[in-house]
Amino acid sequence: MIRLEHVSKVYKTSPRPALDNVSVEMGKGEFVFLIGPSGSGKSTFLRLLLREEVPSKGRVYVSNFDVAKMSRRRVPRLRQSIGCVFQDFRLLTNKTVAENVAFALEVIGKPRNTIVKVVPEVLQLVGLDGKADRMPHELSGGEQQRVAIARAFVNRPLVLLADEPTGNLDPDTSQDIMLLLERINRTGTTVLMATHDHSIVDSMRRRVVELDQGRIIRDDARGVYGVGR
Amino acid sequence: MRTSFVFSEVVTGLRRNVTMTIAMILTTAISLFLFGVGLLIVLMVGRMQDDYLSQLEVSVLLTSEVSANDKDCTQQPCAGLRSALETTSGVESVVYENREKGYERFKKIFEAQPELVKLARPEAIPSTFRVKLEDPERADVIVQAFTGKAGVKSVNDQGQVLSRLSDFLTGVRDGVLALAVLQAFAALLLISNTIQLSAYTRRTEVNIMRLVGATRWYTQLPFLIEAVVAGIIGAVGAVGLLAVFKLFLLDRVLGDLFRANIFSPLNLLDVLLLSPVLLGVSVLISALTGYVTLRLYVRL
């Protein structure tokens, strides 16, 4: 589902590469933690998959997209098959919960009757039924992240990228969010989550890919956060 | 493409930067108005030349000696001058108007000012050859050939008066068009600036749109339409300004000249006929500016 082949990324602003000859493969339906200290290349990794960046060297594949080589015109198609969740939720503050989720479908031109049908379904899936008409500021942090996940998942992406999704949440709420991500993973969606959260990684016992200074230094099938520290 | 979505985005965008939007509309309107004034002057000059060119004459005024003694132009030098004029190439017709006829005409022209007519004596009016040319712009030939000949007092080319008038109008037109270009440049920068601002204030939306895979068109269209809508409002404003300009300024200042047929009159229909031109120019420029701005400055 995701494959990187000898990928390096050098930014003009820094002599040290953000990613240094990284090769890794993640299969369909996998749940993978991407860990490592700040500046280890996690964000660059995610940005390459979304084609926010192109690699300086190497090839990137997501599903059957040759991400680094594809024309700009096809980039929207790629992004429609990837869902994204962030630490800061990135909700539209002037729209209700349902409108936030619907927005993701509106802007890719989905017909009205589809939107009306699938938005309540996905809100129920993330446990927000009954809160469709709330504004984001009326919700707790955990609920806001659920809205973001609903928005990321409403178009049934093949891959869900989560960049520190629990970074702003307390431990209990974080656990709830992880359960939700697991549930989404069970529908066959590949989930790639960048995180600093030891306890979550340790309790989930999923595949762990650790980056340090742009290189993969560990790739455990059922890993924990703190090995070798 | 969901039109209701795009439309609501456009309205939000225009409302959010309301001061910039107003500035953008006003500059566009003023620029287009000046452009319109320029076009009206072009129209007026063209029409004036059409109207007058065919009627233009060269007048060969005869000395008072000839005027007094040779009523029917049968003696020399009058008869000689006549045949010389008639045989000059490019001359269409020659009409001899003696002192009495000239005086009649004078009285008729100045009917409205009897005191002027009272003052004038027939003796002051010279006999005249009224020469019509096939090409009125080649009046120089007659002026040069006949000035200073025996019996000729002077040669007047009406075309010169007209060309002085149209030179003046052409100058005004060039000045107005230059101003229009300057204003258009300001409008252009404002449009570009407003779009950048608009994209910046909506960066969260735009970022989300990019992430969920909205196409470039979908993301950019609201901004483009914003610019075009402002352009359209600007053009409508410009047409309004032109109508006001025509009714309250042009008609008041030049009204007498229009009525006296010295200037070819402009009517509201002319302004109306200009409006699609202004609208088209406005839409084209704002859309183009918007498109280029989005390409160059805004990462969508």
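The values are calculated or read from the model by the stated rules, or taken from the named source; none is laboratory data. Here the structure is a predicted model, which is why all the values come from computation and not from measurement. In this analysis, Cβ positions are derived from the backbone assuming ideal geometry, glycine residues included, and neighbour counts consider all displayed protein chains.
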How many residues are hydroxyl-bearing (Ser, Thr, Tyr) and surrounded by 11 or more Cβ atoms within 10 Å (Cβ to Cβ) if we restrict to segment B:84-106? 4
As an exercise: evaluate residue A:60 against (1) outside any loop (DSSP other than H, G, I, E, B); (2) touching a helix residue (DSSP H, G or I) at 6+ places or on another chain (Cβ under 6 Å); (3) within 21 Å of residue A:108 (Cα to Cα) and give the number of the one condition it does not meet. (3)
Please determine whether any residue of segment B:214-224 is more than 30 Å from residue A:160 (Cα to Cα), away from chain A (no Cβ under 14 Å), in contact (Cβ under 8 Å) with a residue 60 or more places away in the chain and surrounded by fewer than 20 Cβ atoms within 10 Å (Cβ to Cβ). no
Residues in segment A:85-102 that are buried (at least 22 other Cβ atoms within 10 Å of the Cβ) and either more than 18 Å from the chain's Cα centre (by Cα) or facing chain B (nearest Cβ under 8 Å) (or both) total 2
Segment B:176-205 residues that are within 14 Å of another protein chain (Cβ to nearest Cβ), paired with ones that are surrounded by fewer than 20 Cβ atoms within 10 Å (Cβ to Cβ) (beta carbon under 6 Å, 6 or more apart): B:201/B:16
Please go through segment B:27-51 and give me each residue that is surrounded by fewer than 18 Cβ atoms within 10 Å (Cβ to Cβ) and either of a type in the set (Asp, Glu) or within 15 Å of residue B:229 (Cβ to Cβ) (or both), ordered by number. B:50, B:51
Can you tell me how many residues in segment B:107-137 are closer than 20 Å to residue B:69 by Cα and either exposed (fewer than 13 other Cβ atoms within 10 Å of the Cβ) or out of contact with any Leu (no Cβ under 8 Å at 6 or more places or on another chain) (or both)? 7
Evaluate the following for residue A:39: is it under 28 Å from residue A:146 (Cα atoms), more than 9 Å from chain B (Cβ to nearest Cβ) and at pLDDT below 90? yes
Residues located in segment A:29-85, provided they are of a type in the set (Phe, Trp, Tyr) and either touching a His at 6+ places or on another chain (Cβ under 7 Å) or farther than 21 Å from residue A:187 by Cα (or both): A:45, A:61, A:65
Could you tell me how many of the residues in segment A:91-136 are out of contact with any Leu (no Cβ under 8 Å at 6 or more places or on another chain) and either part of a loop (DSSP other than H, G, I, E, B) or touching a residue at least 60 places away in the same chain (Cβ under 8 Å) (or both)? 16
Restricting segment B:110-133 to residues that are outside any loop (DSSP other than H, G, I, E, B) and under 24 Å from residue B:74 (Cβ atoms), which is farthest from the chain's Cα centre (by Cα)? B:123
Restricting to segment A:55-84, and then to whatever is within 14 Å of chain B (Cβ to nearest Cβ) and either farther than 24 Å from residue A:30 by Cα or basic (Lys, Arg) (or both), can you tell me which residue is surrounded by the most Cβ atoms within 10 Å (Cβ to Cβ)? A:79
With the condition kept exactly as written, say whether any residue in segment A:70-81 is touching a helix residue (DSSP H, G or I) at 6+ places or on another chain (Cβ under 6 Å) and not in a helix (DSSP H, G or I). no
Would you please name the residue that is modelled with the highest pLDDT, looking only at residues in segment B:251-300 that are basic (Lys, Arg) and closer than 30 Å to residue B:203 by Cα? B:295
Among the residues of segment B:52-70, write down those that are of a type outside the set (Ser, Thr, Tyr), touching a residue at least 24 places away in the same chain (Cβ under 8 Å) and surrounded by fewer than 16 Cβ atoms within 10 Å (Cβ to Cβ). B:53, B:65, B:68
Somewhere in segment B:183-206, is a residue among the hydrophobic types (A, V, I, L, M, F, W, C), in contact with a Phe, Trp or Tyr (Cβ under 7 Å, 6 or more places away or on another chain) and closer than 30 Å to residue B:83 by Cβ? no
Tell me which residues, restricted to segment A:12-39, are charged (D, E, K, R) and within 28 Å of residue A:158 (Cβ to Cβ). A:20, A:25, A:28, A:30
Residue that is surrounded by the most Cβ atoms within 10 Å (Cβ to Cβ), among those in segment A:137-158 that are part of a loop (DSSP other than H, G, I, E, B) and within 14 Å of another protein chain (Cβ to nearest Cβ): A:154
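Condition check ((1) assigned to a strand (DSSP E or B); (2) small (Gly, Ala, Ser)) across all residues:
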| residue | (1), (2) |
| --- | --- |
| A:23 | yes, yes |
| A:29 | no, yes |
| A:44 | no, no |
| A:53 | no, no |
